[in-house]
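Report on the structure given below.
The values are calculated or read from the model by the stated rules, or taken from the named source; none is laboratory data. Here the structure is a predicted model, which means the values were calculated and not measured. Methodologically, a virtual Cβ is constructed for each residue, glycine included, from the backbone with ideal geometry; neighbour enumeration extends over all protein chains shown. Note: areas computed on protein heavy atoms with side chains; ligands, DNA, RNA excluded. Shrake-Rupley method; radii C 1.70, N 1.55, O 1.52, S 1.80 Å.
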Amino acid sequence: MPEDPGVAVADSLTAELQKILRPDQVVADPVDRDAYAHDDAEWAEYRRPAAVVLAETTQDVAAVVRFAASRGANVVARGAGTGLSGGANALQDAIVVSLERMTRVIEVNAAERYVVAEAGVINDDLRAAVAAHGLWYPPDPASYRISTIGGNAATNAGGICCVKYGVTRDYVLGMTVVLADGDVVRLGRRTAKGATGYDLTALMVGSEGTLGIITELTLSLLPLGGREERAVVGSFASLEAAGVAVAAITAAGIIPSALELIDEMCVRAVDEWQGLGLPQGVAALLLSTVDEPGATGAAAAASIARHMTDAGALAVDEAVEPVEIDRLFLARRLAYPALERLGPVLTEDICVPRAAVPAMLGRIRDTAAAHDVVIATIAHAGDGNLHPLIIAPEGDAAAKARAKQAFDRIVEDCRDLGGTVTGEHGVGLLKLPGARAELGGRVLAMHRDIKAALDPLGTLNPGKAF
Ligand SMILES: Cc1cc2nc3c(=O)[nH]c(=O)nc-3n(C[C@H](O)[C@H](O)[C@H](O)COP(=O)(O)OP(=O)(O)OC[C@H]3O[C@@H](n4cnc5c(N)ncnc54)[C@H](O)[C@@H]3O)c2cc1C
């Protein structure tokens, strides 16, 4: 654990916070505080938090933010800590406010098709709660079983079905937010449409805890029924051939409900771990679903299969039974944890134009060779959102240094191909240099102006995002 904050500072903050909240809402043991020091991006800088509080209400969050501002401390909002950019990492003198206890689903309104819930609700719990009313919350990050809707909103999380149904921002109607001075505001609306004022709700989405702490969300929903899933999975002898299939499917105007890619290394890692009998010796699996019912869905699936074959697929499997679809997609779901077993993973989140997917996949392969690093790739390929995962053996400092160089190279290549440095994980700490370069000049200055206007003391998650 890097550098402990001054013990005196930590003790004094903890003692004072125990007077503001109940003592059991403040994590006093320094070792227990370590569990809140970073998210899933251990490669980024972090320190032991000066204090950790377990908020239970919006008022708790407001009281802690007001206290931090008065003491010159800073506040890091934390959902489940599954972030992959270091956005929830504690830096100097940070008070981490965890929303893990704020898990109430407050209202499901079936007639208006929205749900109101506290920010600490786990995405999958929200899905289950609204499914009981015949409703569906589409944004489905692969972490949906472990990440919170507050974290999803703060990072504008994407996911597997987002290629067709959009990302978290498309579903956030409104929210309750604690501002940097501890004031509480309600932003947005509960109506289907609205054009009153600047879209401050959208501004908060993706702001990574730097402009306010979201304590409650109003999310729009879709009807649960009416979809009929079919899966088409192709295996390819080269990554580029799989990329050509992606470009062809999207250029043909087909909108799959999932279009995911995993490369050979992912397939091998999953198979060695779980023994699923996955095809060996293939360079990539391309996994797609369509969900239109009846003949329309069947025609879309057939068309996807044709494009895969035309791009040179070695084999194409189709499935309509849910159990069989789950089996085909299991390798995709297990890919990230399977790779984490091989060593610390440095996760990229680049997004390139769909037509540039084949070229980007080629450049990633070249970068791995040039920097002598291991790179596995998982991709929300239908969005052009690629996750090259750079793996360095534990304790190998030279490999770690090469991995960081490869990370920068991939970011440069992505921008060269007209892409953006983060498709869905957010900037956090890992992508700060790339984001600054991408935004640049006046636009970067606008970001800083907004931050200064809403958080003049730099209380909320300083050192992150910009
Ligand atoms: C196995 C795995 C798979 C993943 N798959 C995907 C994927 O498919 N798509 C995707 O988009 N992401 C994915 N992620 C990344 C991660 O799950 C998402 O970024 C998620 O949205 C983070 O939610 P969280 O609750 O864990 O937030 P945290 O990690 O706790 O926080 C993330 C950021 O949001 C801020 N924050 C958290 N809660 C609040 C709040 N209430 N108010 C204000 N700011 C807040 C934090 O300060 C931090 O900057 C994956 C991660 C893992 C480990």
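Relative contact order, whole percent, for the chain stands at 15, derived from Cα pairs under 8 Å and 6 or more residues apart. Take the Cα of HIS133, go 7 Å toward its beta carbon, and the backbone nitrogen atoms of the stretch 90-115 under 12 Å from that spot belong to 105-115. Maximal additional length on extending the ARG341-ALA315 stretch stands at 6.5 nm, based on 0.36 nm per residue less the C-alpha distance.
For the stretch 107-176, the list of GluC sites (Glu not before Pro) that fall in a loop by DSSP and count at most 16 other C-beta atoms within 10 angstrom reads GLU112. Measuring only protein heavy atoms, the 1.4 Å probe finds THR196 accessible over about 140 Å². By how many degrees, 0 to 90 and rounded to 10, does the Cα axis of helix 294-310 deviate from the longest principal axis of the chain? Once rounded, one gets 70 degrees. Residues in the stretch 107-120 carry Karplus couplings, in order, of 8, 10, 10, 5, 5, 8, 6, 9, 10, 10, 8, 6, 5, x Hz; the curve used is 6.51 cos²θ - 1.76 cosθ + 1.60 with θ = phi - 60°, and Gly or Pro positions show x. Length available on full extension from GLN18 to ARG448: 0.36 nm per residue minus the Cα-Cα distance, which gives 151.4 nm.
Counting lysine pairs in the chain whose alpha carbons fall under 23 angstrom apart, excluding pairs fewer than 8 residues apart on the same chain, gives 8.
Ordered by solvent-accessible area of protein heavy atoms (1.4 Å probe), largest first, the residues HIS307, HIS133, HIS387 come out as HIS133, HIS307, HIS387. For the pair the stretch 54-88 / the stretch 162-232, the C-alpha centres are spaced 20 Å from each other. For the stretch 1-138, the Kirkwood hydrodynamic radius comes to 16.0 Å, computed from all pairs of different C-alpha atoms. Calculated mean residue ellipticity, 222 nm, the chain: -11500 deg cm²/dmol, from DSSP H runs (n ≥ 4) at -39500 (n - 2.57) each, averaged per residue and rounded to 500.
Heavy-atom accessible area, probed at 1.4 angstrom with all protein chains present, ranks SER143, SER70 as SER70, SER143, highest first. Of LEU334, LEU203, LEU361, the residue with the largest accessible area leads and the full order is LEU203, LEU334, LEU361 (1.4 Å probe). Amide H to amide H distances under 5 Å link GLY174 with ARG189, THR218, where only residues 5 or more positions off or on other chains count and H is placed in the peptide plane. Close amide-amide hydrogen proximity is noted between ILE378 and HIS387, LEU389, each under 5 Å apart and 5 or more residues distant or on a separate chain (H modeled in the peptide plane; Pro and chain starts excluded). Taking the Cα centre of the stretch 7-98 as origin and assigning +1 to Lys and Arg Cβ atoms and -1 to Asp and Glu Cβ atoms, the resulting dipole is close to 320 debye. A cut-off of 5 Å between modelled amide H atoms, ignoring neighbours fewer than 5 places along the same chain, links ASN74 with ILE95.
The phi-based Karplus calculation (6.51 cos²θ - 1.76 cosθ + 1.60; θ = phi - 60°) puts the 3J(HN,Hα) values of the stretch 82-98 at 9, x, 10, 10, x, x, 9, 6, 7, 10, 4, 6, 8, 9, 8, 9, 8 Hz, whole numbers, x for Gly and Pro. Legend: P(r) of the chain from all alpha carbon pair distances, 20 Å bins from 0, whole percents, reading 24, 56, 20, 0.
Across the stretch 363-373, rounded Karplus estimates of 3J(HN,Hα) from the backbone phi angles (6.51 cos²θ - 1.76 cosθ + 1.60, θ = phi - 60°) give 5, 4, 4, 5, 5, 4, 5, 5, 9, 6, 10 Hz, Gly and Pro being marked x. Positive-end ranking of ALA110, THR377, GLY395 along the dipole of the chain, with charges on Cβ about the Cα centre, is headed by ALA110. Between ASP29 and ARG436, the distance separating the two model label sites (each 7 Å from Cα on the Cα→Cβ line) works out to 3.9 nm.
Taking trypsin sites (Lys or Arg not before Pro) in DSSP loop conformation with at most 12 other Cβ atoms inside 10 Å as exposed sites, the chain has its longest uninterrupted site-free stretch at 1-192. Over the chain, accessible surface divided per residue gives 40 Å², non-protein components excluded, 1.4 Å probe.
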